[in-house]
Structure formats: C-alpha cells, structure tokens
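One structure below.
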Amino acid sequence: MKAASLAATAVLLLGSAAASADWIPCAREGEYCKFDGRREVAYGAGKQWVSRYHEGGVKCTVDKFGKDPAVGIVKGCSVREEAVAQPGGKAQWSTCAKEDGVCRFTGRREVAYGAKDKWVRKFFKDGAKCSSANFGGDPIPGVAKSCSVSSVTTAPPPPATVNSTWSRCAGEEQPCRFSGSRRVAYGANGRYSYRQAKDGVMCGNKAFGDPAPGTRKSCFVAP
C-alpha cells in the first residue's frame with residue numbers, strides 16, 4: 001500500500017462507532033457499505049476502529065482500510081453522519097474559527113470544517129477545536145481551512161438502528177419514496193444496511209448491498 005494511503009488511515013478509539021450518534025452502521029464485515037458522495041468510513045469493533053475517506057461506497061474488508069484494528073474479532077463498518085459538502089441548506093452558517101483555532105458556542109451545534117466546496121460536518125457540544133484530528137480527517141489537503149457553526153440548535157439525530165419509531169417504506173426491489181434527505185435501512189431480522197438518501201431510493205441489494213442473504217428484505221426510514 002502506498003505511504004499516502006497509510007497516512008490517510010486514522011486509528012479511532014470509539015466507545016462504539018455503531019452506537020455513536022455521529023456514526024451510522026452501514027455494513028457487516030465482508031459486505032458493501034453504500035453511500036453517496038465522499039464520506040468517512042470506520043472499520044472495526046468494540047473500541048478499536050480505523051477510518052478512511054471513500055467515494056460512493058466501499059467493501060467492508062481489511063484490505064480497504066490498511067490494517068486490522070481488532071484481530072480475531074468480527075468487525076463491521078459505520079459511515080460518519082455528516083457529508084463532505086459546502087455548508088448550506090436552511091441553516092445559516094457563521095465562521096467561528098481558523099484552522100487549529102477553537103470554535104466557541106453553547107449547546108449542541110453542527111460545525112463544518114473545510115474550505116471551498118469540501119467540508120466535513122460533525123455535531124459538538126459547547127465548542128470544538130477546528131482541526132483535522134477533531135473532524136476525523138482532512139477534507140481538502142494542502143489548503144488552509146476554517147470552521148463554521150450552524151445557527152440551528154440541533155436536536156439529537158434519529159436512532160442509528162431500526163426500531164419501532166422507523167417506518168416501513170418499501171419491500172425488496174420496490175421504490176422507497178420520500179422527500180428530502182432521510183436515513184434508510186434495508187434488511188430483515190435485525191440485519192440491516194444503512195445509507196443516507198435524498199428524495200427516495202430503490203429498495204434492493206444494488207443500493208444497499210445484501211445484509212441478510214437468502215431472506216426477503218424491506219426498507220425503513222428513520223423518524
């Protein structure tokens with residue numbers, strides 16, 4: 001593996017990427033983690049994870065992440081909740097810090113880190129260090145970056161796993177219809193693949209991979 005690729009791999013000490021509010025489980029080991037755009041993906045188990053940026057999806061295997069963070073343990077993949085995109089939408093964004101400075105605010109807010117049209121977003125409480133280490137990677141290497149904070153006081157994101165609050169939207173190979181950006185789960189019997197989708201998605205293996213082979217699956221949308 002090239003040195004640059006190894007340098008892009010970060011070791012994460014997470015309580016559990018799949019359980020963290022900022023991470024969405026997307027695949028079991030050996031399955032395909034599907035998503036839109038350029039996203040940070042974590043691979044591991046328990047408190048040992050490695051993360052790398054990938055475009056449009058990635059197979060959840062050790063060779064795609066450069067090392068095995070939890071040898072001898074069955075692992076999985078989770079995708080970071082934020083997308084790499086320029087701050088926008090309904091929220092108003094205010095520059096709060098230059099790179100390596102401190103973005104100060106109160107409460108739980110969404111903070112964007114980057115420059116030009118490449119940004120990563122993450123939720124923080126009562127301030128955040130404006131650095132690549134704090135945001136899980138460098139969205140635009142070689143360019144001076146800054147942080148912007150959303151004007152919206154953000155409620156906690158919806159649950160990361162399917163439960164009774166999720167709504168079934170389609171059976172396998174049927175369109176799951178909705179408006180806006182929603183978190184969608186695909187699977188059955190406690191085995192699901194997750195992705196963030198906009199204005200609907202086809203409920204099938206092509207879009208999500210196959211989290212439960214040999215089982216008839218469905219799609220569900222988060223509340």
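The values are calculated or read from the model by the stated rules, or taken from the named source; none is laboratory data. Predicted model, so just to flag it, every value in this text is computed and none were measured. No Cβ is skipped: glycine too gets one built from the backbone with ideal geometry, and neighbour counts run over all protein chains shown.
Numerical summary
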{"read-out": "Check on residue 179, over 10 Å from residue 221 (Cα atoms), in contact with a helix residue (DSSP H, G or I) (Cβ under 6 Å, 6 or more places away or on another chain) and assigned by TED's automatic domain parsing to the domain that holds residue 217", "value": "no"}
{"read-out": "Answer residue from region 74-110, given it is of a type in the set (A, V, I, L, M) and at pLDDT 85 or above and is nearest to residue 127 (Cα to Cα) among those", "value": "102"}
{"read-out": "In region 190-222, the residues that are modelled with pLDDT of 85 or more and of a type in the set (S, T, N, Q)", "value": "205, 215, 218"}
{"read-out": "Some residue of region 102-120 being within 17 Å of the chain's Cα centre (by Cα) and under 20 Å from residue 50 (Cα atoms)", "value": "yes"}
{"read-out": "Residues satisfying the stated conditions in region 184-209, i.e. polar (S, T, N, Q) and under 16 Å from residue 55 (Cα atoms)", "value": "196"}
{"read-out": "First in region 204-223 and surrounded by fewer than 18 Cβ atoms within 10 Å (Cβ to Cβ), second anywhere and in a loop (DSSP other than H, G, I, E, B) and not charged (D, E, K, R), Cβ under 6 Å, 6 or more apart", "value": "223/158; 223/165"}
{"read-out": "Residues of region 142-163 that turn out to be modelled with pLDDT of 85 or more and either assigned to a loop (DSSP other than H, G, I, E, B) or closer than 23 Å to residue 78 by Cβ (or both), as a count", "value": "4"}
{"read-out": "Residue in region 167-189 that is modelled with the lowest pLDDT, counting only those that are outside any strand (DSSP E or B) and small (Gly, Ala, Ser)", "value": "180"}
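Yes or no, residue by residue, for (1) surrounded by 12 or more Cβ atoms within 10 Å (Cβ to Cβ); (2) out of contact with any strand residue (DSSP E or B) (no Cβ under 6 Å at 6 or more places or on another chain); (3) part of a loop (DSSP other than H, G, I, E, B):
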site	(1), (2), (3)
110	yes, no, no
121	yes, no, no
133	no, yes, no
140	yes, no, yes
165	no, yes, yes
